[in-house]
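Working notes, beginning with the structure itself.
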Amino acid sequence: MSTTEPAKELTPLELARTAFEKAFEHRPDFLSRAPGRVNLMGGHVDYNDGLVLPVAVDLEVAVAFTPRDDRHIRIYAESFDETAEFDISELTPGSVGGWAAYPAGVAWAIAKADLPLSGLDAAVASNIPIGSGLSSSAALEVAFAAAFRQVSGLELPELKLAQLSQAAENNFVGVQCGIMDQVAAACALPGKALLLDCRTLGIRHVALPSGVRIVVLGTGIERQLRDSEYNERRRECAEAVKRLSAVDNDIRSLRDVEAEALQSLLRHLPPPLDRRARHVVGEIERVQLAAAALEASETERFGELMFASHRSLRDDFQVSSDELDGLVELARQAPGTVGARLTGAGFGGCTVNLATAALVDDFLDYVMENYHRLYGREADEFITDAARGVTVEKVGW
Ligand code: GLA
């Protein structure tokens, strides 16, 4: 029998640092890291000027880097064993594809904002599964935004890093995401959920109850249609606003529709726009109630609001799937459950669950076993605490 200890898995920071030394044959000067996120409440409301309540998760993208004295960028990606190289002055949307489009897009967005930008050599590593709904792309963008801030001597607050990252994703990568994921990756605090007003970009950090764990459950199914369906929902919301503003020209987004006024306004919207608007208006109100419930330590109430959010995303916004509904239903019946809902864009992907810490193993056993029995496949499970947003450190000698 071997007495060797099992090899300890390297963290993304250790991996990025080692990969840097291998690729560039010297030590990096700095390390940055940014986490993935999961949204506890507020589905599909960030692009409607609404309120959202994400937390950063314990998985992250790490970048080891050293400034260059020219405007050249070289990045070695540990996961793909690939190097991308480009000059800042040559960047145009579409000029870089694949994983490198994200850091390139951030460089492009910084240069486009007329901020001075220097080149760098970097190695990147991550333990956020790609396409899992935990926003590995926002983490990648924000970790690089912090690296560019460092090498260029820019004085930018974290929120600005999030805005530049979103601009990169919208205008360089070409994905019309809202601002939530980038703000969570940039600004989240450990142990806290981040209440973000997507209209004003005002942030309030709300403490999570002790004694509960955040459990992310993946359906194991990736939907290809995701981007086109997401864009379709965005178009529907914009169309609803157009019609409602013809009735009341103070309505510039669905955020401007008061919950009490909704019923009488719905008759101006043909299906499915009426359902879409009902989800968004109700969801924004639920996020406010959920944040208040957290602040009042009403954990059970918070859980009820999560289940209500799921029903609305399923029936009115229609972004759920059989497997997501199954996971939420199993969570409802499981021991130790507090609340569950689909999270991220939907159409597959994952659910976020709150479970009593002392019963989390029973909770997982129940849901995993029954999901396998009902759907013939394994769900992916991941337990996390609320983590910290982006950080940068100098490498010690
Ligand atoms: C995706 C987008 C976010 C947000 C969610 C839905 O994760 O990237 O901006 O719109 O979907 O809440």
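The values are calculated or read from the model by the stated rules, or taken from the named source; none is laboratory data. These numbers come from a predicted model, not from an experiment. No Cβ is skipped: glycine too gets one built from the backbone with ideal geometry, and neighbour counts run over all protein chains shown.
Summary table
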| item | result |
| --- | --- |
| Pair list, Cβ under 9 Å, 6 or more apart: region 29-56 residue at positive phi and more than 9 Å from the ligand (Cβ to nearest atom), other residue of a type in the set (D, E, K, R) and in a loop (DSSP other than H, G, I, E, B) | 49/199; 49/252 |
| Only one of 213, 255, 204, 233 that is surrounded by 18 or more Cβ atoms within 10 Å (Cβ to Cβ), in a strand (DSSP E or B) and among the charged types (D, E, K, R) | 213 |
| Within region 319-397, strands (runs of 3 or more DSSP E) holding 3 or more residues that are closer than 13 Å to residue 307 by Cα and outside the structural domain of residue 67 (by TED's automatic domain parsing) | 337-343, 350-356 |
| When residues of region 156-197 are limited to those that are within 14 Å of the ligand (Cβ to nearest atom), at pLDDT 95 or above and outside any helix (DSSP H, G or I), the one surrounded by the fewest Cβ atoms within 10 Å (Cβ to Cβ) | 179 |
| Conditions (1) in a loop (DSSP other than H, G, I, E, B); (2) crowded, with 17+ Cβ neighbours inside 10 Å; number of the one not met by residue 66 | (1) |
| Selection from region 26-54 of residues that are within 13 Å of the chain's Cα centre (by Cα) and of a type in the set (S, T, N, Q) | 39 |
| Residue in region 80-87 that is of a type in the set (D, E, K, R) and assigned to a helix (DSSP H, G or I) present | no |
| Flag if residue 5 is more than 28 Å from residue 388 (Cβ to Cβ) and either of a type in the set (Lys, Arg) or at pLDDT below 95 (or both) | yes |
| Unmet requirement for residue 359, which otherwise passes all of (1) away from the ligand (no atom under 16 Å from the Cβ); (2) crowded, with 23+ Cβ neighbours inside 10 Å | (2) |
| Within region 300-325, tally of residues that are farther than 25 Å from residue 271 by Cα and surrounded by fewer than 18 Cβ atoms within 10 Å (Cβ to Cβ) | 3 |
| Residue list for region 278-304, filter: under 13 Å from residue 52 (Cα atoms) and either in contact with a Ser or Thr (Cβ under 6 Å, 6 or more places away or on another chain) or touching a residue at least 60 places away in the same chain (Cβ under 8 Å) (or both) | 280, 282, 283, 284, 286, 287, 288, 290, 291 |
